[in-house]
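Enquirer: Sharing a structure, written as structure tokens. Questions coming.
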Amino acid sequence: MRFGRKGKLCPRYVGPFKIMQRVGEVDYELALPAKLASVLPVFHFSMLNNCLNDPALILPVEGLGVDEDSFYEEVHVEILDQQVKQLRNNELATVRVLYRNHLVEGDIWEAESDMRCRYPHLFSS
């Protein structure tokens, strides 16, 4: 059963929930809210995690205020190197690009044709 969003943004854990009773040697019954009525409330102990008892350390998800229209754009600084890769029937020219928000070890090889279309100012010299 998925809780919230699908895919990568799906939360790994939901809760915290109060333990009502120990059902077997390794099973526990939890007090689930009404929106999880379709889920069987008995869980194996390996599926449970400890909950933080300090309420100051728990952040409410509703109050975070994430803007859905926000995006992050990396700015290219310079081209470090160029190479031509030989594929089976054609050649692919690639360039090693350094981004402003990365260290030199964080540089990336990208296709030269795409970079020339999107960022012609990097190829002026």
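Bear in mind that the values in this text are calculations on the coordinates, not laboratory data. For clarity, every value in this text was computed on a predicted model and none was experimentally measured. Positions of Cβ are backbone-derived with ideal geometry, glycine not excepted, and every protein chain shown enters the neighbour counts.
Enquirer: Could you give the length gained on full extension between residue 37 and residue 81, defined as 0.36 nm per residue of separation minus the Cα-Cα distance, in nm?
Expert: 10.0 nm
Enquirer: Regarding the stretch 9-51, what's the average projected area of the Cα-atom convex hull, expressed in nm²?
Expert: Spelled out: convex hull of the Cα atoms, projected over all directions, averaged, 3.5 nm².
Enquirer: Please give, to one decimal in nm, the separation of the simple spin-label points placed at residue 88 and residue 12, each 7 Å out from Cα toward the Cβ.
Expert: 4.0
Enquirer: Now for a separate question. Between residue 108 and residue 51, how many nm apart are label points set 7 Å from Cα along the C-beta direction?
Expert: Spacing of the two 7 Å Cα→Cβ label points: 4.1 nm.
Enquirer: Quick check: net charge around residue 84, other residues with Cβ under 11 Å of its Cβ, Lys/Arg +1 and Asp/Glu -1?
Expert: -1
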